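The structure appears right after this line, and notes come after that.
The values are calculated or read from the model by the stated rules, or taken from the named source; none is laboratory data. Not measured: the values here are computed from a predicted model. Heads up, the Cβs are rebuilt from the backbone with ideal geometry, glycines too, and the neighbour counts pull from every protein chain shown. Surface areas here come from the heavy atoms of the whole protein model, side chains and all, with no ligands, DNA or RNA. Shrake-Rupley method; radii C 1.70, N 1.55, O 1.52, S 1.80 Å.
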Amino acid sequence: MKNGGVTKNITTLNIDNDNFQVVDRVLIKCRDYQNQEIAIPKGVTELAPYSVCSTKAQVMYIPISVDIIRKHAFLMARNITKLYIKNPDIYLEVESLGNMINLKEVYIGGQRVEAVVTQEVDKKNWLCLEKYVGEDKSYVVDKDITVIGREAFSNCKNLESVEIPESVKYIETQAFSGCTSLKEVKMTNSIKDISLWAFEGCSAVRELTLPENIMELRLSGEAFKGWKRNQVIRAPKHLKKLKFMQRWRKGCKAKIIYY
């Protein structure tokens with residue numbers, strides 16, 4: 001069937017026009033850079049890596065035909081504030097919504113979600129809390145989450161407390177950066193890695209206790225950049241002896257108490 005010069009086949013759905021490039025039902029590129037609201041064509045089943053980048057759209061509609069969104073599909077889609085995903089069983093790869101720093105509302109299967117959870121391909125038990133889009137002052141991370149993703153809670157100004165369960169092993173880059181109202185962080189000894197700038201600028205936290213299992217803990221540089229002298233970080237005494245680990249204190253003026 002031809003419509004406006006665009007050929008559509010119900011089995012392959014190939015589109016090539018000013019707004020979209022679709023090959024065999026896979027969205028390769030969204031070329032619509034002007035409209036404030038964009039609807040992905042019905043019949044598309046997959047959003048390829050880098051398929052939605054640099055758009056000026058603030059609202060995006062994903063039809064029920066889409067069953068998978070690939071890693072980096074929305075890389076640098078910084079203007080999108082609302083995302084409507086019709087398929088309740090959508091498969092979201094880890095980092096599929098990466099760098100969507102202004103994303104405020106996500107609806108999946110018609111329901112607004114507090115947190116977007118993504119999965120690592122070929123790792124059944126690897127679940128990443130990719131983006132927190134809730135409004136609660138206190139939040140308890142689900143017990144099946146393995147990773148707090150890059151910028152997952154970044155700049156959540158309302159968040160005052162967060163509880164991280166034993167299932168979480170990794171806290172990625174800038175996961176909580178800019179959470180200026182965050183006062184309490186509860187974490188367990190299961191955490192193996194705290195990445196760059198993970199808690200940068202969390203100036204309201206009065207006291208934070210790091211996991212005691214230092215042999216498995218990796219602290220990246222400037223993890224607590226911007227912390228002030230009136231803040232306290234309790235760290236395992238073993239950490240004090242490991243000179244090569246001291247880079248985590250760079251840019252941090254908080255009082256360090258070893259236990």
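In region 186-223, how many are over 20 Å from ASP144 (Cβ atoms) and β-branched (Val, Ile, Thr)?
4
Can you say whether ARG206 is in contact with a Leu (Cβ under 9 Å, 6 or more places away or on another chain) and either surrounded by fewer than 20 Cβ atoms within 10 Å (Cβ to Cβ) or closer than 27 Å to GLU95 by Cα (or both), as far as the supplied structure shows?
Values: in contact with a Leu (Cβ under 9 Å, 6 or more places away or on another chain): no; either surrounded by fewer than 20 Cβ atoms within 10 Å (Cβ to Cβ) or closer than 27 Å to GLU95 by Cα (or both): yes.
In short, no.
Looking at this structure, is ASN35 over 28 Å from GLU120 (Cβ atoms) and open to solvent by 10 Å² or more (accessible area, probe 1.4 Å)? Before you say what the answer is, go through the steps one by one.
Working: over 28 Å from GLU120 (Cβ atoms): yes; open to solvent by 10 Å² or more (accessible area, probe 1.4 Å): yes.
Judged against the criteria, ASN35 is a match.
Residue-wise test of (1) at pLDDT below 95; (2) of a type in the set (D, E, K, R); (3) surrounded by fewer than 16 Cβ atoms within 10 Å (Cβ to Cβ).
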residue: ALA57; (1), (2), (3): yes, no, no
residue: ASN79; (1), (2), (3): yes, no, no
residue: LYS82; (1), (2), (3): no, yes, no
residue: ASN87; (1), (2), (3): no, no, no
residue: TYR91; (1), (2), (3): no, no, yes
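Given the options LYS186, LYS192, LYS228, name the one that is open to solvent by 30 Å² or more (accessible area, probe 1.4 Å) and more than 14 Å from ILE164 (Cβ to Cβ).
Numbers: LYS186 fails: more than 14 Å from ILE164 (Cβ to Cβ); LYS192 fails: more than 14 Å from ILE164 (Cβ to Cβ).
Among LYS186, LYS192, LYS228, only LYS228 is open to solvent by 30 Å² or more (accessible area, probe 1.4 Å) and more than 14 Å from ILE164 (Cβ to Cβ).
Looking at region 133-175 only, could you name the residues that are open to solvent by 10 Å² or more (accessible area, probe 1.4 Å) and outside any loop (DSSP other than H, G, I, E, B)?
Once the filter is applied, which keeps residues that are open to solvent by 10 Å² or more (accessible area, probe 1.4 Å) and outside any loop (DSSP other than H, G, I, E, B), region 133-175 yields SER138, TYR139, VAL140, SER161, GLU163, TYR170.
If the Cβ limit is 6 Å and pairs must be 6+ apart or interchain, which residue in region 218-241 that is at positive phi pairs with which residue that is modelled with pLDDT of 80 or more and open to solvent by less than 90 Å² (accessible area, probe 1.4 Å)?
Correct list of pairs: GLU222/TRP197; GLU222/GLY251; GLY226/GLU200; GLY226/GLY201.
For region 97-111: of the residues being in a loop (DSSP other than H, G, I, E, B) and of a type outside the set (Gly, Ala, Ser), which is most open to solvent (accessible area, probe 1.4 Å)?
Step one: of region 97-111, the residues in a loop (DSSP other than H, G, I, E, B) are 97-104, 109-110.
Checking the rest, the ones that are also of a type outside the set (Gly, Ala, Ser) come to 97, 99-104.
Values: LEU97: 8, ASN99: 31, MET100: 4, ILE101: 68, ASN102: 64, LEU103: 6, LYS104: 115 Å².
Looking at the filtered set, the residue picked out is LYS104.
Going by the conditions given, is PRO49 part of a loop (DSSP other than H, G, I, E, B) and closer than 23 Å to TYR33 by Cα?
Numbers: part of a loop (DSSP other than H, G, I, E, B): yes; closer than 23 Å to TYR33 by Cα: yes.
Yes: the conditions hold for PRO49.
Scan region 63-80 and give yes if some residue there is within 16 Å of the chain's Cα centre (by Cα), of a type in the set (A, V, I, L, M, F, W, C) and in a strand (DSSP E or B), otherwise no. Write out each step before concluding.
Step one: list which residues in region 63-80 are within 16 Å of the chain's Cα centre (by Cα), which gives 69-80.
Then drop every residue that is not of a type in the set (A, V, I, L, M, F, W, C), which leaves 69, 73-77, 80.
Of the ones still in play, those that are also in a strand (DSSP E or B) are 69.
Within region 63-80 (the criterion being within 16 Å of the chain's Cα centre (by Cα), of a type in the set (A, V, I, L, M, F, W, C) and in a strand (DSSP E or B)), the answer is yes, since at least one residue qualifies.
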